[in-house]
Amino acid sequence: MSFSEDASGPNLRSTADLLISVAEAATPQNLSEACGAALAHITGSGVVGIYLVVAGRPQLLGSTNVPMGLLGEYRSGLGVSDPYLERLSEAPDVLDGPGFYGTHGWRRSRSYELLRGWGLCSNMCGPLLHEGEVAGVLYTATDRDDRPYTARMKQDMALLCRAASVALPRLLPTVGQTEPDLRLPQRQAEVAILVRQGLSNKAVARELGLSEHTVKEYVAILCRRFSVRNRTQLGALIAQAGSFAPRHPDA
């Protein structure tokens, strides 16, 4: 059941709780997980990718239920010149694949080819606004070819994007902050990349074959290096910073 279908009783309470959780998110991981729960409620799919828009290019802030390989292919391919972002900069509204490309054009688009390669069949996105400008974009996708995004789902997606926009300022780097030196030692670069993708310390440890305590130490080192107070500020800063160039293996 979507946000709009029943504005009374238990459904109203669950809708309010979902939107409040999104608006109150304090970390990129919290935001992506809260948006995932809301999108599962709206569309039946909790796939989420949240990007900041930096100089017209997407920089991953956090994700939930998205294959890491898909994120990598998007970053090196379609993300270099994403037509969705170009349209959002002109008219910040919710877009879906078939609606954007047209029914026939959609199945010939690069977006469709990317999704199909990872078992998905359609996507939808909406703008995240900061001070009246498009500062980010919220993506979702589904593997249900028999359930296209409806007008009601798009309306609910717009509400979700408004809630996420409330949380966004807490996750943005400090205005005027200088760009950090990204030439990191190899292990620090690997940790930074996974933090940028919204993974918890436990998940980072599992991905890299390290202890959670060791990952926590690397995060502390990165916080000191980039002059931020905590993991939340670190995740927001490196989400905008771009790619990391390993300098040499850690001793």
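Table for the structure above
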read-out	value
Overall form of segment 33-110 per C-alpha gyration tensor (a/c, 1.5; a/b vs b/c)	rounded
Computed accessible area, S211, all protein chains, 1.4 angstrom probe, square angstrom	60 Å²
Per-residue [θ]222 nm for the chain (sum of -39500 (n - 2.57) over DSSP H runs n ≥ 4, rounded to 500)	-15500 deg cm²/dmol
For segment 74-216, the Rg and Dmax computed from alpha carbons only, in angstrom	18.0, 51
Surface share of carbon and sulfur [accessible, 1.4 angstrom probe, percent] for the chain	50 percent
Where trypsin sites (Lys or Arg not before Pro) fall in DSSP loop in segment 83-135, at most 14 other Cβ within 10 Å	R107, R108
Hull-based mean projected area of the chain, where the convex hull spans the alpha carbons, in square nanometres	13.9 nm²
Accessible solvent surface per residue of segment 34-174, calculated while the other protein chains remain in place, 1.4 angstrom probe, Å²	44 Å²
Inter-label distance for D145 and N230, nm, one decimal - labels placed 7 Å from Cα along Cα-to-Cβ	4.6 nm
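The values are calculated or read from the model by the stated rules, or taken from the named source; none is laboratory data. All values derive from a computational prediction rather than experimental measurement. Note that we place each Cβ from the backbone using ideal geometry, even for glycine, and neighbour counts take in every protein chain shown. The accessibility values were calculated without ligands, DNA or RNA, using every heavy atom of the protein model including side chains. Shrake-Rupley method; radii C 1.70, N 1.55, O 1.52, S 1.80 Å.
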